[in-house]
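The values are calculated or read from the model by the stated rules, or taken from the named source; none is laboratory data. Quantities reported herein were computed from a predicted structural model and do not represent experimental measurements. Every residue, glycine as well, gets a Cβ built from its backbone with ideal geometry; the counts of neighbours run over all protein chains shown. To get the accessible areas, we keep the full protein, side chains included, count just its heavy atoms, and leave off ligands, DNA and RNA. Shrake-Rupley method; radii C 1.70, N 1.55, O 1.52, S 1.80 Å.
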Amino acid sequence: MTVVWINGAFGAGKTTTAQELIELIPNSTLFDPEVIGGALRYLLPPKHLAEVGDYQDLPIWRRLVIDTAAAMLAELGGTLVVPMTLLRQEYRDEIFGGLAARRIAVRHVLLAPAETILRARIADREVPPDLPDGEIRIRQWSYDHIEPYKHALASWLTADAHPIDTGALSPYEAAARIAEAVGDGTVPVCDIVQTPEPTAETLAAGVLLFDERDRVLLVDPTYKAGWEFPGGVVEPGEAPARAGMREVAEETGIRLDDVPSLLVVDWEPPARPGFGGLRLLFDGGRLDSAEAGRLLLPGPELRGWRFVTEEEAAELLPPVRYERLRWALRARERGAALYLEAGIPVG
């Protein structure tokens with residue numbers, strides 16, 4: 001099962017190209033995530049919708065895109081062609097990682113006409129005559145997203161997707177280019193670790209590693225949004241501390257000689273669609289400058305790493321994960337492990 005994700009700015013021609021592409025790729029089906037956004041107008045209270053400027057900012061939209069794509073492929077098989085602008089890397093991580101967890105390969109294509117062509121297409125775009133404020137709601141919306149698109153191009157998008165300059169191509173010609181590139185492997189499967197989604201509570205072990213300035217190491221996974229500690233799920237029959245050591249070696253290339261000491265046990269309550277479970281943090285000790293310089297990151301799993309202060313970590317980590325780190329640092333200072341529930345000390 002495969003997804004061909006057609007990315008690009010508004011006005012790049014994603015939908016018309018996708019409609020042509022399903023005629024060129026055997027056993028392929030069109031899935032436009034815009035229908036999810038339209039359905040949410042009937043599923044969510046207007047007040048809740050008014051709090052966001054874009055459907056993509058709603059976690060339910062991102063989950064439903066993953067679930068709907070997986071359900072369509074389970075029903076139909078073959079290839080799903082998805083025309084959808086994705087400019088925020090963390091949303092790409094969440095959606096592509098969620099698909100990879102379902103064993104669905106993603107091939108990422110970027111339609112990339114020049115900005116002058118984008119602006120000309122937006123200016124010529126037809127606005128439904130019965131749509132109030134159509135000029136603002138359609139054309140201006142597209143214009144406003146050119147700068148975020150350019151930022152995504154400069155920061156991550158061209159490194160992640162296979163670009164095709166469609167400035168001089170018709171939708172059919174663009175589709176033919178994509179079909180050929182997908183068919184001969186020029187558009188590779190996105191290199192994402194396929195971590196299976198949990199079906200019950202999990203036990204996970206993270207390891208805190210520090211540099212000579214006592215800053216803590218965080219890593220940026222490719223398969224989910226947000227920064228993390230080195231670590232992962234403990235396998236059946238595996239000791240949690242040993243699991244943390246294994247994950248550190250796999251993710252960073254650093255092999256710990258000593259079993260790390262426990263800092264925090266945190267019970268993470270279930271929050272749909274997750275199941276929660278126990279999260280353990282261990283103290284992996286301080287790395288000298290030579291060890292820190294040998295940090296290696298495997299491409300499929302981690303995008304980057306950095307040593308950060310506690311204050312900087314607050315800007316990078318999700319709230320509960322930051323609270324877990326905060327109390328782990330206090331436990332390290334006091335020399336005594338702490339028990340938490342949802343990031344809050346108990347007992």
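Values computed for the structure shown
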| read-out | value |
| --- | --- |
| Residue match in segment 3-17 (condition: in contact with a Phe, Trp or Tyr (Cβ under 6 Å, 6 or more places away or on another chain), open to solvent by 10 Å² or more (accessible area, probe 1.4 Å) and of a type outside the set (S, T, N, Q)) | no |
| Count of segment 294-326 residues which are open to solvent by less than 50 Å² (accessible area, probe 1.4 Å), outside any loop (DSSP other than H, G, I, E, B), touching a strand residue (DSSP E or B) at 6+ places or on another chain (Cβ under 8 Å) and under 23 Å from Leu262 (Cβ atoms) | 7 |
| Residues satisfying the stated conditions in segment 301-318, i.e. modelled with pLDDT of 90 or more and within 22 Å of the chain's Cα centre (by Cα) | Arg306, Phe307, Val308, Glu312, Ala313, Ala314, Glu315, Leu316, Leu317 |
| Pairs with Cβ under 6 Å, 6+ apart, first in segment 199-224 and open to solvent by 60 Å² or more (accessible area, probe 1.4 Å), second of a type in the set (D, E, K, R) | Lys224/Asp93 |
| Candidates Glu291, Glu268, Glu250, Glu201 - the one that is farther than 30 Å from Thr79 by Cα and in contact with a helix residue (DSSP H, G or I) (Cβ under 8 Å, 6 or more places away or on another chain) | Glu268 |
| Subset of segment 61-72 [open to solvent by 50 Å² or more (accessible area, probe 1.4 Å) and touching a helix residue (DSSP H, G or I) at 6+ places or on another chain (Cβ under 7 Å)] | Leu64 |
| Scan of segment 73-83 for residues that are crowded, with 20+ Cβ neighbours inside 10 Å and out of contact with any Leu (no Cβ under 7 Å at 6 or more places or on another chain), ordered by number | Thr79, Val82, Pro83 |
| Condition broken by Gln89, with the remaining ones in (1) in contact with a helix residue (DSSP H, G or I) (Cβ under 6 Å, 6 or more places away or on another chain); (2) surrounded by fewer than 16 Cβ atoms within 10 Å (Cβ to Cβ) satisfied | (2) |
| Matching residues in segment 257-281 - criterion: being without any contact (Cβ under 8 Å) to a residue 60 or more places away in the chain and more than 19 Å from Arg330 (Cα to Cα) | Asp257, Asp258, Val259, Ala271, Arg272 |
| Within segment 272-293, considering residues that are more than 16 Å from Asp211 (Cα to Cα) and among the aliphatic types (A, V, I, L, M), the one most open to solvent (accessible area, probe 1.4 Å) | Leu278 |
| Test: residue in segment 5-14 that is among the aromatic types (Phe, Trp, Tyr) and at pLDDT below 95 | yes |
| Enumeration of residues in segment 327-347 that are surrounded by fewer than 18 Cβ atoms within 10 Å (Cβ to Cβ) and assigned to a helix (DSSP H, G or I) | Arg330, Glu333, Arg334 |
| Segment 49-78 residues that are hydroxyl-bearing (Ser, Thr, Tyr), paired with ones that are in a loop (DSSP other than H, G, I, E, B) (beta carbon under 8 Å, 6 or more apart) | Thr68/Phe31; Thr68/Pro33 |
| Elements of type strands (runs of 3 or more DSSP E) contained in segment 119-238, each with 1 or more residues being under 30 Å from Ser289 (Cβ atoms) and modelled with pLDDT of 90 or more | 202-210, 216-221, 231-233 |
| Output for segment 225-255, where each listed residue is out of contact with any Phe, Trp or Tyr (no Cβ under 9 Å at 6 or more places or on another chain), buried (at least 22 other Cβ atoms within 10 Å of the Cβ) and either more than 13 Å from Leu302 (Cβ to Cβ) or aliphatic (A, V, I, L, M) (or both) | Val234, Ala243, Val248 |
